[in-house]
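Working notes, beginning with the structure itself.
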Amino acid sequence: MTSRDGQEDRGGDLALRLLSAAVLIPFGLFVVYQGGLFLLVASGLFAALMAYEWVRMSASPSMKLLVALAIAPFIVAAIWGLTFGLLALALAGLIACFTHPLAGLRVTEGFGLFYVAGMSFALYYLREGPWDGVAAALIFMGIVWGSDAAAYFAGKGFGGPALHPDSPSKTWSGAIGAVIFSTICGLLAARITGGDQTVWLLTGALISVFAQIGDLFESTLKRRFGVKDASGFLPGHGGVLDRVDGLGFVCVFTVVLFLLVPALTVTLGLSG
């Protein structure tokens, strides 16, 4: 491939990314802002799509069961609330584990269900939890997306060594640029919510770090399973897992932290 061809390919990839983002970002903002049934249905749909992608990557023979189990926690949450939805998620993971026909892959199957449905359920919980869910979800989403964009452009602009062997396209320059940009976003979030500026600066940086860990983790999974993309659902991005891995990780850790340390939501200006 010539240098010119490479530039055209990168330009085409960026164009596809921008086109996909132009559709996904407004949709994501709309359903999260609306919350309730809108977000419940969207989160369940994304969980089902990611379950399909997990089956595709791992060559699991349990397509229909895994997709159904990924949707189940959202149905339970709609009827009996978030707590029972979490219990349903745990039960669904156990069912996926013990019903897999190959004993040696049962842990992998159970983890896969927790992974794909858990990330989607965490976003739903972040929006609907006992705090200012609208502000929390929208701000965290914005910082994750900003971190992703900053990593892409900083990496392209500065280059340098790869961040991890399983993801050679990601560079240390991109990772550092993403953290710096997200830290600045944290300062902006503090002005919006009225929360503690120092805590928000640290939160912005940590959001970027956890988003990148989630991205690298999914890249490691794909390398283990020998696939390039989770699927081809999203032009320029690959699959749903390829797009929401970072945000999903951030949502999981944020919900856990908010539940364990309720005072943190007050410090951030996100108390309900």
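Only the coordinates and a few stated rules stand behind these numbers; no lab work does. Values in this document were obtained by computation on a predicted structure and should not be read as measured data. Here the Cβ is made from the backbone with ideal geometry for all residues, glycine too, and neighbour counts use every protein chain on show.
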Under 5 Å, built H, 5+ apart or other chain: amide partners of residue 132: 271, 272
Under the Karplus curve 6.51 cos²θ - 1.76 cosθ + 1.60, θ = phi - 60°, whole-Hz ³J(HN,Hα) for the range 55-69, x wherever Gly or Pro sits: 4, 4, 5, 8, 6, 6, x, 10, 4, 5, 5, 5, 5, 5, 5
Computed [θ] at 222 nm, deg cm²/dmol, the chain (DSSP H ≥ 4; -39,500 (n - 2.57); rounded to nearest 500): -28000 deg cm²/dmol
The chain - percent relative contact order, Cα under 8 Å, separation 6 or more: 20
Close Lys-Lys pairs in the chain, where close means Cα under 22 Å and separation is 8 or more or interchain: 5
Using θ = phi - 60° and Karplus 6.51 cos²θ - 1.76 cosθ + 1.60, couplings along the range 177-182 (whole Hz; Gly, Pro as x): x, 5, 5, 4, 5, 5
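Checking the a/c ratio against 1.5 first, then a/b against b/c, what shape does the Cα gyration tensor give for the chain?
oblate
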In nm, spacing of pseudo-spin labels at residue 197 and residue 37 (7 Å Cα→C-beta vector): 4.5
Theoretical gain in end-to-end length, residue 224 to residue 134 [0.36 nm per residue, Cα-Cα removed]: 28.7 nm
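Which length gain, in nm to one decimal place, applies between residue 78 and residue 24 when the Cα-Cα distance is subtracted from 0.36 nm times their residue separation?
17.0 nm
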